[in-house]
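S.K.: Next up is a structure, given as structure tokens.
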Amino acid sequence: MTDGYKLLDTPNYKQSRRQFMMYSVSSIALSYSGVTVAEATKQVTTYPISDEVLTSVDRMLSFLMPEKLKKSDVEKGLIPTELHHVDQYRHYGYGDYTYGPGLPIERRFDLMPAGYKAQDVNQLSRLSSFFTLSDIHLTDKQAGNQLIAIQQLDAEFGAPMTSIYSPTMLTTTQVLDAAIQTVNALHAVASFDFGLSLGDTCNSTQYNETRWYLDIFDGKVIHPNTSDDASQDGVSYQRPFKAAGLSPDIAWYQVNGNHDLFMIGSVAVDADPTLKLRESYLSNQIWAIGNVLQPIKGFPYFPCLFDTTKALKSPAIYMGTINGASEVGEIVGAGLVSGFNTPPMNSPNSNRRSLTKKEWIAEFFNTSSLPKGHGYHLVDPQYAQEEPDFSCYSFLPKADVPLRVIVLDNVQDPRDQSHDIHGHGYLSATRVK
């Protein structure tokens, strides 16, 4: 990439806030240079963020139109089916920004009951301070059973869905590490009482995605490259790195999301054994299926009456994967089955295995950050007997403050035998209690 950014050239490279945002917002696979591949594989770098860390109260980002581009060129941009052309992002100015004024906190007294008078409030007290994370979607970009091809081929429905392909897939681990460092920096100024992660930590309920997540919180070494090609460790977004880790005095708690429990957040892995979805995680071939989105076009929701397994059983399209040796995240192995003489292959990896809900929860007890279990240790045994893998709980952040946080699992039951898209809210009788 001759016109790309050159970032992360050496260990402990100090990114400015601008460099970090251009890297993460645009998700451009930045060029690695100055060190040989052999040297790179021996190094474990860190990615410190800028010393200047501000909140949105202090300033906001304003995205710009590059002066060098014509208005007509910018208006064209990349259409939804062209999101994979990462090499063109710089040309269109994706990620270019400036700083604007902050967004002040607004006191919404209009939401209070009738008769409430704002002028009667003479003193405000802060009960607690906490941070939240949500929808991180740590993605094994080199997995062979994704839905990447549909994002390119289906302009009517698939293309707008960046959950099935987005350039952010290249750098999800690095961006989470930067977010944790931001939490630490804010904590040093005004301490947090706890943290709460609101689900969809993984993209497709994989073991390695789950371990990346926990290991980033724990400050361990992360290996984004999941192929058997060690030379890819020299590619910018594939390089092993040591995460900063969350400040050890911040307790954090977890909520599970649909992507943590379902294949690509939508399909119960074991609902229909004949589909062999669990086996697809470990296959050495790129996944071939039909257009699973086709049956539900024209509907504003995902109706239960449509059986998407018919498309799963009609392998018409190879879904593709990311070429980790490409600095711009080239997509390979995607297209109509009829266009391939032989099935496109992929490097298998046992760490891609899909976790059951029970296994996923168990991983939160295998972590050095606190508390051990991250909330799942607080599940009431009585309810756990009524509903297997029950994961609702509550906790008191501060013993001297009358504030209780209630964590409600509203993700659909993986064992309900439904073949519909598992993105609905769901409450069992036990959860309602």
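S.K.: What number of residues within the range 368-386 satisfy the criterion of being in a loop (DSSP other than H, G, I, E, B), under 28 Å from the mean Cα position of the chain (by Cα) and surrounded by fewer than 16 Cβ atoms within 10 Å (Cβ to Cβ)?
M.R.: 3
S.K.: What's the total number of residues in the range 332-344 that are of a type in the set (Gly, Ala, Ser), out of contact with any helix residue (DSSP H, G or I) (no Cβ under 7 Å at 6 or more places or on another chain) and either surrounded by 13 or more Cβ atoms within 10 Å (Cβ to Cβ) or within 29 Å of Ala251 (Cβ to Cβ) (or both)?
M.R.: Summing the residues that are of a type in the set (Gly, Ala, Ser), out of contact with any helix residue (DSSP H, G or I) (no Cβ under 7 Å at 6 or more places or on another chain) and either surrounded by 13 or more Cβ atoms within 10 Å (Cβ to Cβ) or within 29 Å of Ala251 (Cβ to Cβ) (or both) in the range 332-344 gives 1.
S.K.: Related question: Only one of (1) buried (at least 23 other Cβ atoms within 10 Å of the Cβ); (2) over 20 Å from the mean Cα position of the chain (by Cα); (3) among the β-branched types (Val, Ile, Thr); (4) within 20 Å of Ser369 (Cβ to Cβ) fails for Ile250. Which number is that?
M.R.: Evaluating Ile250 over (1) buried (at least 23 other Cβ atoms within 10 Å of the Cβ); (2) over 20 Å from the mean Cα position of the chain (by Cα); (3) among the β-branched types (Val, Ile, Thr); (4) within 20 Å of Ser369 (Cβ to Cβ) leaves (1) as the failure.
S.K.: Take Ser369 and decide whether it is of a type in the set (S, T, N, Q) and in contact with a strand residue (DSSP E or B) (Cβ under 7 Å, 6 or more places away or on another chain).
M.R.: Yes.
Every residue, every condition in (1) over 30 Å from Asp229 (Cα atoms); (2) surrounded by 15 or more Cβ atoms within 10 Å (Cβ to Cβ), yes or no:
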{"residue": "Asn346", "(1), (2)": "no, yes"}
{"residue": "Ser354", "(1), (2)": "no, yes"}
{"residue": "Lys357", "(1), (2)": "yes, yes"}
{"residue": "Pro402", "(1), (2)": "yes, no"}
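S.K.: Still on this structure, please answer the following. Go through Ser50, Ser62, Ser56 for me and flag whichever is under 25 Å from the mean Cα position of the chain (by Cα), at pLDDT 50 or above, surrounded by fewer than 12 Cβ atoms within 10 Å (Cβ to Cβ) and part of a loop (DSSP other than H, G, I, E, B).
M.R.: Working: Ser50 fails: surrounded by fewer than 12 Cβ atoms within 10 Å (Cβ to Cβ); Ser62 fails: part of a loop (DSSP other than H, G, I, E, B).
On inspection, the qualifying residue turns out to be Ser56.
S.K.: Okay, moving on. Can you find, within the range 102-160, the residue that is farthest from Gln238 (Cα to Cα) among those that are part of a strand (DSSP E or B) and among the hydrophobic types (A, V, I, L, M, F, W, C)?
M.R.: Residue satisfying both the conditions and the ranking: Phe130.
S.K.: May I pose another question? Going by the conditions given, is Ile180 assigned to a helix (DSSP H, G or I) and either within 20 Å of the chain's Cα centre (by Cα) or modelled with pLDDT under 85 (or both)?
M.R.: Details: assigned to a helix (DSSP H, G or I): yes; either within 20 Å of the chain's Cα centre (by Cα) or modelled with pLDDT under 85 (or both): yes.
Yes, satisfied.
S.K.: Being within 16 Å of Gly257 (Cβ to Cβ), in contact with a strand residue (DSSP E or B) (Cβ under 6 Å, 6 or more places away or on another chain) and surrounded by 17 or more Cβ atoms within 10 Å (Cβ to Cβ) is the requirement here; does Thr205 meet it?
M.R.: yes
S.K.: Here's another thing I want to ask about it. Looking at Thr168, is it in a helix (DSSP H, G or I) and under 24 Å from Ser62 (Cβ atoms)?
M.R.: So Thr168 fits the description; yes.
S.K.: Report whether or not Ala185 is modelled with pLDDT of 95 or more and outside any loop (DSSP other than H, G, I, E, B).
M.R.: yes
S.K.: Just wondering, is there one or more residues in the range 353-365 that are free of Cβ contacts under 8 Å to residues at least 24 places away in the same chain, of a type outside the set (Asp, Glu) and under 26 Å from Ile222 (Cα atoms)?
M.R.: Checked against the condition, which is being free of Cβ contacts under 8 Å to residues at least 24 places away in the same chain, of a type outside the set (Asp, Glu) and under 26 Å from Ile222 (Cα atoms), the range 353-365 yields at least one hit.
S.K.: How about the range 122-141: which of its residues are in contact with a helix residue (DSSP H, G or I) (Cβ under 8 Å, 6 or more places away or on another chain) and free of Cβ contacts under 8 Å to residues at least 60 places away in the same chain?
M.R.: Of everything in the range 122-141, nothing turns out to be in contact with a helix residue (DSSP H, G or I) (Cβ under 8 Å, 6 or more places away or on another chain) and free of Cβ contacts under 8 Å to residues at least 60 places away in the same chain.
S.K.: Among residues belonging to the range 294-350 that are in a loop (DSSP other than H, G, I, E, B) and aromatic (Phe, Trp, Tyr), point out the one that is modelled with the highest pLDDT.
M.R.: Phe340
S.K.: Moving on. Can you pull out every residue in the range 395-417 that is of a type outside the set (A, V, I, L, M) and under 25 Å from the mean Cα position of the chain (by Cα)?
M.R.: Asp409, Asn410, Gln412, Asp413, Pro414, Arg415 - these are the residues of the range 395-417 that are of a type outside the set (A, V, I, L, M) and under 25 Å from the mean Cα position of the chain (by Cα).
S.K.: Would you check which residues across the range 75-118 are surrounded by fewer than 13 Cβ atoms within 10 Å (Cβ to Cβ) and at positive phi and list them?
M.R.: Gly115
S.K.: Condition first: touching a helix residue (DSSP H, G or I) at 6+ places or on another chain (Cβ under 8 Å) and surrounded by 24 or more Cβ atoms within 10 Å (Cβ to Cβ). Now tell me which residues in the range 142-154 satisfy that.
M.R.: Ala143, Gly144, Asn145, Gln151
The values are calculated or read from the model by the stated rules, or taken from the named source; none is laboratory data. Please read all numbers here as calculations on a predicted model, not as lab measurements. Neighbour counts are summed over all protein chains in view; Cβ atoms, including those assigned to glycine, are modelled from backbone coordinates with ideal geometry.
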